[in-house]
Amino acid sequence: MDTQSLTLALGDATHSGRTFDVMPIAGEEPVLQVIVSGAEETPVYITVTDTQILCLAYLFDEQELAPERLNELHENMLRISVPMPLSSLGKTGQHYVVYGALSPTSGTSEIMQELVTLAENAIDLLQTFEDYLA
Amino acid sequence: MRTVLKKILTAMRGGVNELGEAVVDGQGNRILEQELRDSEHELKQAKQELASLMAEAASLARQIRTEQDSAAKREDDARKAIAAGQEDLAREVAERIVGHERRASELTQTRELLQQRIVGLKERVQKAEKQLADYRRELQVVKTNERVLRTTAQIDTNINSQQSSLSTAKETLERIRERQAREEDRQTASATLEKELTGADLDEKLKAAGIDGEQDAVNDVLARLKGGNANP
């Protein structure tokens, strides 16, 4: 599965009543932005490597958080990461992200399931952790 | 693996990665890839050597069997010669038997040495395979890390060029709330419409005004049963 075939596959597909708006992100790396209908506020980004299909959504940046509550937030993020379906929490650069990794041999249906779950999880997480914003 | 993970964490904390810069630099990456290639090469060589040693051991086993078979056959011959009183012939055959047995024992010794080398080589192959798997895992971590950093840098640049800036979590939350409110409004509206279509809304209004058709009918029947004077 590469980003090109993903773009074609997702363009016309529906999954659990959702549609997908796919847009390539210009640059050296093959990156797609996918907007899942009904969860438009949290776009999911996909990149495909030799070993995995990586999907991620941004939650918040470090500078948006109340510094004195950072430890508590981290603790809660670690705890919630385990039971959350198909997604984990992480940090890259200044961005806190929710992400999921799939095998490169995954089919379109698994990828769509991941995208829908990730976009919905991102919304739930944002609302859950809203209190920690500065 | 530990070293790689620690390097990544140290670099991250230092904020080296802000522009998606490679954390374990290209040089380190190349060294890792070279180590991987060396390991692969060593593994390939060891496996080839192992295959040829095993072939040699099999061939030796075959030769040992041949010598043993020949010795056994000559023993029969020697017995027959002794039975026939051919002492000289029997001695000649016995000499042959000694030759076969000697060769068999020499070959067996060689084969045992070979077996030891095979065992050692198998251990080397296993070690190289494990090493190779370790290197591959390390390289995967390093490469994935770099990919994630480059990818997020690319996303940020792109979003920044499209909008004035990356939208903040608060703005996103606001948009989520607006959409959720719109969805709720839509649901309320469709529930209202549903009531209008079925007439349920009128029934509710009548009930609220104390006018309940069902209740009136029951009262009428009760009054009729009590006095037979239900109709005014």
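Couple of notes before you dig in:
- Estimated FRET transfer efficiency (B:Glu214, B:Arg186; beta-carbon r; R0 22 Å; 0.05): 0.10
- Helix A:70-81 axis versus longest C-alpha principal axis of chain A: approximately 40°, rounded to the nearest ten.
- Taking the average, over residues, of other Cβ atoms within 10 Å as the packing measure, peptides A:93-103, B:91-101 rank A:93-103, B:91-101 from highest down.
- Using R0 = 41 Å, the C-beta based FRET efficiency linking B:Asp203 and A:Thr128 works out to 0.50.
- A Stokes-Einstein calculation at 37 °C with viscosity 0.692 mPa s, built on the Kirkwood radius of region A:40-134 over Cα pairs, returns a diffusion coefficient of 238 µm²/s.
- Between region A:79-114 and region A:5-78, the Cα center-to-center distance that results, in Å: 9 Å
- Difference of contour (0.36 nm per residue) and Cα-Cα distance, B:Leu89 to B:Glu123: 7.1 nm
- Residues in region A:80-122 that a label on A:Gln63 would reach, taking backbone N under 15 Å of a point 7 Å out along Cα→Cβ: A:93-96
- Full extension of the segment from B:Gln48 to B:Arg2, taken as 0.36 nm per residue of separation minus the current Cα-Cα distance, would add 13.4 nm.
- Dividing the alpha-carbon radius of gyration of region B:54-144 by the rule-of-thumb value 2.2 N^0.38 Å gives 2.02.
- Once the Cα gyration tensor of the protein assembly as shown is diagonalised, semi-axes √(5λ) in Å: 79, 37, 18
- Along region A:49-60 the Karplus relation, 6.51 cos²θ - 1.76 cosθ + 1.60 evaluated at θ = phi - 60°, assigns HN-Hα couplings of 10, 4, 9, 7, 9, 9, 10, 8, 10, 7, 9, 8 Hz to successive residues, with x for each Gly and Pro.
- B:Asp69/A:Thr108 FRET efficiency (R0 56 Å; Cβ-Cβ; nearest 0.05): 0.30
- Nitroxide proxy distance, nm - points 7 Å out along Cα→Cβ at B:Thr157 and A:Thr51: 2.5 nm
- Gained length - B:Glu174 relative to B:Glu101, 0.36 nm times residue gap less alpha-carbon distance: 16.9 nm
- Compactness of chain B is given as radius of gyration and Dmax, 47.0, 152 Å, from Cα positions.
- Peptide B:143-153 is shielded by partner chain Cβ atoms: per residue, an average of 6 of them sit within 10 Å of its Cβ.
- Hydrodynamic radius by Kirkwood, which averages 1/r over all alpha carbon pairs of region B:142-232, in angstrom: 19.8 Å
Bear in mind these aren't lab numbers, they're just calculated from the coordinates by the rules spelled out. Every value quoted in this text rests on a predicted model; they were computed, and no experiment measured them. Cβ: placed from backbone, ideal geometry, glycine included. Neighbour counts: every protein chain shown.
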